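Below is one structure, written out as structure tokens, with a few remarks after it.
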Amino acid sequence: MTDWIAAERKYLFQNYGRQPVVLVRGEGTRAWDADGNEYLDFVGGLAVNVLGHAHPVVAEALARQSRELIHTSNLYYTTPMIELAKLLVENSCLDRVFFCNSGTEAIEAAIKLARRWGHDTRNGAYEIISMQDGFHGRSTGALAATGTARYREPFAPLAPGFHHVPWNDLEAIKAATNDKTVAVLLEPIQGEGGVNMPAAGYLQGIRDWCTERRLLLIFDEIQTGIGRTGTLFAYEQEGVEPDIMCLAKGLAGGVPIGAMLAREEIASHLVPGDHGTTFGANPLACATGVATLKYVIEQNLPAHAAKQSERLMTRLRSMEDRLPVVTEVRGRGLLIAVGLARDSSAEVVAACRQRGLLVNNVRPNAVRLMPPLNVTDDEVDRACDILESAIQAVTAPAK
Ligand SMILES: *Cc1c(COP(=O)(O)O)cnc(C)c1O
């Protein structure tokens, strides 16, 4: 592995802080490195691998489509994009789909759609309110919406017209609203911000405010969507419907894809020539998306995720009693963070890795778990054993 790591350091941009593991193969929740070490993968490609690694449904859809048609451009109709859009519309509260290639692009599309709608119907309103600690991507538009100053500030000036307000503070949204405000953009649960849960009534309060003031409610379900939180989309559990929703990560089981969904009255404001992307609605990604999404729905994997979540949460919460350094277990479905009393999550992640478990230090004091939706009882139990022993090892008082 060390030769590969040295070569990466020589040839690639050094913009990632990678774990020192060269992954070469995976199967389900397991993955192997170049030295043959086995890991339980509770990162799941950052909530992307909803069916785990090398799932036959994903692999076969990819192989089949690759022999038929990989790419055509949007000058033509192709069938997988229509099938995937129909599945998404029939299983969500929204009416139309625009496909792109990543989460960031889905957010860009949502920003443009909101501004187009504001231009046409709200006297040119364009300002968007988003949340501190929110994460929406890395392009200069999506980054402008992202509420973490350290991601934004080195790249100023970004797209203007964004206001960041504290999470879980409805009054702050109200105070930031003016005649120029066109939309409120947020994640139903903040993922990259550390798995921050919405307070009871918060999302409903935002929905009511948006309706009252004719603002668009945009949910970034890029991380929470596709069964991750125990329902196909996180908004279902809150009974709060967005006007626009962004998806990506898990939608095609690991193949790059993004999607923006909107209600008809809003979607109709994007007209030919307004927006597009060469690779968007690509048959390879969309056919894999159809296979993945159908399987997730038919096998009722969101419910399985909710059940495995209970098993995981129960065990993790029991650690709070045994390990005083564990201060909080938060999350929903299979998007979970273990909060620590001190900034030791990087050490815990390293100790887990050495014991054969991949997890992510989402905050200096929080470890995030997001295994595939089809994770088994045994895998949950083994991951908890490893995590507990790693936390113990890292936080044991020095002898
Ligand atoms: C990952 C993520 C994005 C960005 O998606 P990319 O595919 O990395 O561009 C945006 N919003 C949320 C909530 C995410 O988790």
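Structure summary
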item	result
Listed residue (GLY254, SER92, VAL325) projecting farthest to the positive dipole end of the chain, Cβ model	VAL325
Per-pair calculated FRET efficiency, R0 = 30 Å: ILE297 and GLU328 via Cβ, rounded to 0.05	0.40
Among ASP95, ASP179, ASP220: highest mean-square fluctuation, GNM of the chain, C-alpha pairs under 10 Å	ASP179
Simple Cβ-charge dipole of region 202-242, Lys/Arg +1 and Asp/Glu -1, about Cα centre, in debye nearest 20	80
Residue with peak Gaussian network fluctuation, the chain [Cα springs, cutoff 10 Å], from GLY28, GLY44, GLY161	GLY161
DSSP beta bridges in the chain [antiparallel fraction, %, rounded to 5]	65
Interchain or long-range residues, amide H under 5 Å from VAL329's placed H	GLY339
Pairwise Lys count, the chain - Cα closer than 22 Å, eight or more residues apart or different chains	7
Dipole magnitude of region 64-181, debye to nearest 20 (Cβ charges: Lys/Arg +1, Asp/Glu -1, about Cα centre)	260
Furthest towards positive pole of dipole, THR79, PHE219, VAL165, structure part the chain, Cβ charges	VAL165
Most mobile listed residue (ASN360, ASN282, ASN91) in the chain, GNM with C-alpha springs under 10 Å	ASN91
Rounded to the nearest 20 debye, dipole of the chain from Cβ charges on Lys, Arg, Asp, Glu	600
Expected 222 nm ellipticity per residue - DSSP helices of 4 or more, -39500 (n - 2.57), all of the chain, to 500	-12000 deg cm²/dmol
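Every read-out reported here was derived from the displayed coordinates using simple, explicitly stated rules and does not represent laboratory data. If you're wondering where the values come from, they're calculated on a predicted model, not measured in any experiment. So basically every Cβ, Gly included, is an ideal-geometry build from the backbone, and we count neighbours across all protein chains shown.
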